[in-house]
């Protein structure tokens, strides 16, 4: 009934790409309407002369052909209501094309949602509603002379005017932006970016780099007070793998390559980068570097700063890069760390060299049920202390456990019987309370012997803290659902529910108090604002020697509120104040952007802000990269 978390008598599953690929009935690239914007497949081995081929991209140049213009992800993947029951469309994800009756009941019970009334999104905003572009004729003429693809079309400008904050999507569905880019350009090489930056300097034009567009910090939005021409520099066509070094386990890529495209091409050569953030399907390599990103499998492969070997960034004063690609050097401050986390304020990242690993021989999932969140956190702390973390280990609190259970598909009689037996075992024999228990999901990667030894050790540690193995199926399902959760917010907006996630890092000795303080603060704020139906949950997603990353999910029914968006933003601001007061950081991996800029001085000190501003002034004296991130100022 409950096993050690492996299926088929502990048989390893060969590591394969995630199930977030094109629909089964279509091969990638079969849609003729997208072919002109997709790259050809190809990898050039290092020290060979042939020009590197272009990578077939899952994200086309004209993004509106494949992705939603007013929500998360693919057009063919979304939560919809059919005959009073919520479904998830398409077959890109495991829960696709099936009814979700348990989830339907959950949204009714927890958030008091009435599924008979849908709040429709406005249509793609009419041309007259777009802010008109501010373009200098001489600047536009020189862009044309360069021969770099560009557009001043309203839809192209709108799609690159935002990321994926709640604010962004809410405005797309029900309002309009005060300021959007005036022109979009698609350079196809480092040299083209150099030309564009020089041209921007000459004409005093603002450049906002745009990668995958998945930012949840307001990083790509245009400062409303900016009166200069704003150029959105879309790196999507800079997505080549320039070379792959098998001996030194390195790969050099252009910064615009999308995570799933990079991983697909590497796996075809027998390698993996192992960097898998929740936005892996849509975010770019350059964006990972610019925001100091983290992935779900960082325990084995590292965060982006651990993977990064070499980076090339075009600044207003020239190209910033180190000489050589050695594994480590002691020659003053590491300029890679000037680029890491710079969030498009210092220049455009064009090429990146990262470490890669051979594909793991063995891949297994697992899960553990704990009697309560405190026991689960203690277990994760001990696993970190003994430095035996699997590729991924994530702990959900009780609220998130119940939410995850609601996304299960309906089962037949035998399935219901087995579920009943499991529930009986957990509650009656083990004595767990369904209103306090929590679950950790596990992913093991490596050679067979290492994975087997690691599994044994993890489950022994879990047993010491009252944990019970709950099988591989639950672990795999929990891991894959990460990629579906982002779609739920769009469904919520259709039924008067506003929701968002936010994260922090915190020392181990303050983890529980921070989680409790933030939950209590938000609960009290909801009561003070007359909000009766809300959800506050959290999970521990990454662990370190000194602490962990905590993700919060917060949403509420906005019925009766005059301004749901403003209310949410106020409450999240209070939550972030509580995070800082409880010893947490303003961000673990999402970056600062404009959304968290007010807390930046608190986090890095006033001297730190001055050091950043001095760097900014040296590399960008005309403030060409004036997206306002980090310090939220358009001018120095």
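The values are calculated or read from the model by the stated rules, or taken from the named source; none is laboratory data. These numbers come from a predicted model, not from an experiment. Cβ sites come from the backbone with ideal geometry, for glycine too, and all protein chains shown count toward neighbours.
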Hey, can you tell me all the residues within the stretch 501-513 that are surrounded by fewer than 19 Cβ atoms within 10 Å (Cβ to Cβ) and closer than 27 Å to residue 106 by Cβ? 512
Is it fair to say residue 538 is touching a residue at least 60 places away in the same chain (Cβ under 8 Å), within 18 Å of the chain's Cα centre (by Cα) and crowded, with 22+ Cβ neighbours inside 10 Å? yes
Subset of the stretch 304-353 [part of a helix (DSSP H, G or I) and farther than 25 Å from residue 247 by Cβ]: 337, 338, 339
Can you find even one residue in the stretch 560-580 that is assigned to a loop (DSSP other than H, G, I, E, B), touching a residue at least 60 places away in the same chain (Cβ under 8 Å) and in contact with a strand residue (DSSP E or B) (Cβ under 8 Å, 6 or more places away or on another chain)? no
Test for residue 595: is it surrounded by 14 or more Cβ atoms within 10 Å (Cβ to Cβ) and farther than 21 Å from residue 164 by Cβ: no
Quick one: which of 233, 244 is under 23 Å from residue 125 (Cα atoms), modelled with pLDDT of 95 or more and crowded, with 20+ Cβ neighbours inside 10 Å? 233
Could you say whether any residue in the stretch 431-445 is without any contact (Cβ under 8 Å) to a residue 40 or more places away in the chain and touching a helix residue (DSSP H, G or I) at 6+ places or on another chain (Cβ under 9 Å)? yes
Residues of the stretch 117-156 being out of contact with any strand residue (DSSP E or B) (no Cβ under 9 Å at 6 or more places or on another chain), surrounded by fewer than 17 Cβ atoms within 10 Å (Cβ to Cβ) and in a loop (DSSP other than H, G, I, E, B), which ones? 117, 119, 120, 122, 123, 124, 126, 132, 136, 147
For the stretch 326-356, enumerate the residues that are over 23 Å from residue 631 (Cα atoms) and exposed (fewer than 13 other Cβ atoms within 10 Å of the Cβ). 326, 327, 328, 329, 330, 331, 332
Say whether the condition of being within 21 Å of residue 161 (Cα to Cα), touching a residue at least 12 places away in the same chain (Cβ under 8 Å), in contact with a strand residue (DSSP E or B) (Cβ under 8 Å, 6 or more places away or on another chain) and part of a strand (DSSP E or B) is met by at least one residue in the stretch 188-202. no
Within the stretch 90-104, considering residues that are touching a helix residue (DSSP H, G or I) at 6+ places or on another chain (Cβ under 7 Å) and not in a loop (DSSP other than H, G, I, E, B), the one farthest from residue 222 (Cα to Cα): 102
Right, residue 445: touching a strand residue (DSSP E or B) at 6+ places or on another chain (Cβ under 6 Å), assigned to a helix (DSSP H, G or I) and crowded, with 20+ Cβ neighbours inside 10 Å or not? no
